[in-house]
Amino acid sequence: MNVKDDLQQRWWSLEAKLLDKFGKKPDTEAILFLIGLQETGFLVEKISKEQKQDLMHVAVCTVLKSSGYYELELIDAEGWPHFTQLKELPSFGLIEQENFLKDHILFYFEQQEFI
């Protein structure tokens, strides 16, 4: 089995766990949204498109923090984390970029002891 197959198997396992928990199979954007909610504790009845994008940005910074791409700079008065980018992200094609992000998302959930 190659690394790509292992990544795909681990990703399917995460999707299955989230499907069991929420009753709907999430895509990568939905998973990032969930991580953003988890990291900020942001809960309101109606979330704007901009807030959703902000939550997904928090998620991306959070998951890439483990590889030294970002560090948490501060949490503002409203509870939103702000990050500093420490190094340039690798230049990948679309599939490689998606796999890079999926691998970091999986690591995040492993650290949270969800998987």
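The values are calculated or read from the model by the stated rules, or taken from the named source; none is laboratory data. As the structure is a prediction and not an experimental result, all values here were calculated from the model. Positions of Cβ are generated from backbone atoms using ideal geometry, with glycine treated the same way; all protein chains shown enter the neighbour counts.
Things worth noting here:
- Residues of segment 44-91 satisfying the condition of being at pLDDT 95 or above and aromatic (Phe, Trp, Tyr): TYR69, TYR70, PHE83
- Residue match in segment 46-62 (condition: among the basic types (Lys, Arg), without any contact (Cβ under 8 Å) to a residue 12 or more places away in the chain and assigned to a helix (DSSP H, G or I)): yes
- Extreme residue, nearest to LYS21 (Cα to Cα), among residues of segment 79-115 that are surrounded by 11 or more Cβ atoms within 10 Å (Cβ to Cβ), without any contact (Cβ under 8 Å) to a residue 60 or more places away in the chain and among the hydrophobic types (A, V, I, L, M, F, W, C): PHE107
- Count of segment 1-45 residues which are basic (Lys, Arg) and without any contact (Cβ under 8 Å) to a residue 24 or more places away in the chain: 3
- Conditions (1) loosely packed, with under 12 Cβ neighbours inside 10 Å; (2) assigned to a loop (DSSP other than H, G, I, E, B): number failed by GLU71: (2)
- Among the conditions (1) loosely packed, with under 11 Cβ neighbours inside 10 Å; (2) within 17 Å of GLU98 (Cα to Cα), LYS65 misses just one, which is (1).
Residue by residue, here is whether (1) more than 22 Å from GLU98 (Cβ to Cβ); (2) hydrophobic (A, V, I, L, M, F, W, C); (3) in contact with a strand residue (DSSP E or B) (Cβ under 9 Å, 6 or more places away or on another chain) holds:
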| position | (1), (2), (3) |
| --- | --- |
| ASP20 | yes, no, no |
| ILE31 | no, yes, no |
| PHE42 | yes, yes, no |
| GLU50 | yes, no, no |
| HIS57 | no, no, yes |
